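Single-structure report; data block below.
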Amino acid sequence: MTTLNRNDLSTLEATATKAAAYLDACDSGAQYVRLDPKYYQACAHLLMAVFNLTNASASFPELVKNSAAARELAESLEIERRIEISRLGYYPQLELALSRASA
């Protein structure tokens, strides 16, 4: 993880909050939000990029608590990290096969 100062985290939190709010609004079928698939995808990618730079649960606990989109993405990234560690450490043959398949 990258080391960020408090100002950096505040800026990232504001950006992530806006992206998560749009995702949540679209996911809940809000009447006042027009679904734009490209913007929706851009918000999801942005939120993922922010969460990949930080530990979302530790850096933005209120966002993760209050936003379903943020919570689901943070949980997904944590599961991905655990699988990656398990795959490398406990299943070296699987890692080798996956590396061959992706080449």
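For Thr3, all conditions in the list (1) within 22 Å of Glu80 (Cα to Cα); (2) modelled with pLDDT of 90 or more; (3) surrounded by fewer than 13 Cβ atoms within 10 Å (Cβ to Cβ) hold save one; what is the number of the exception?
Thr3 satisfies every listed condition except (2).
With (1) touching a Lys or Arg at 6+ places or on another chain (Cβ under 7 Å); (2) loosely packed, with under 14 Cβ neighbours inside 10 Å as the list, and Val64 as the residue in question, which single condition is left unmet?
(2)
Considering only residues that are more than 15 Å from Ala58 (Cβ to Cβ) and without any contact (Cβ under 8 Å) to a residue 24 or more places away in the chain, which ones fall in the stretch 6-17? Quick ask: steps written out before the conclusion?
From the stretch 6-17, those more than 15 Å from Ala58 (Cβ to Cβ) are 7, 11, 14-15, 17; that's our starting set.
Result: Asn7, Thr11, Ala14.
The values are calculated or read from the model by the stated rules, or taken from the named source; none is laboratory data. This structure is a prediction, so every number in the text was calculated from the model and none was measured. Backbone-built Cβ (ideal geometry, glycine too); neighbour counts: all protein chains shown.
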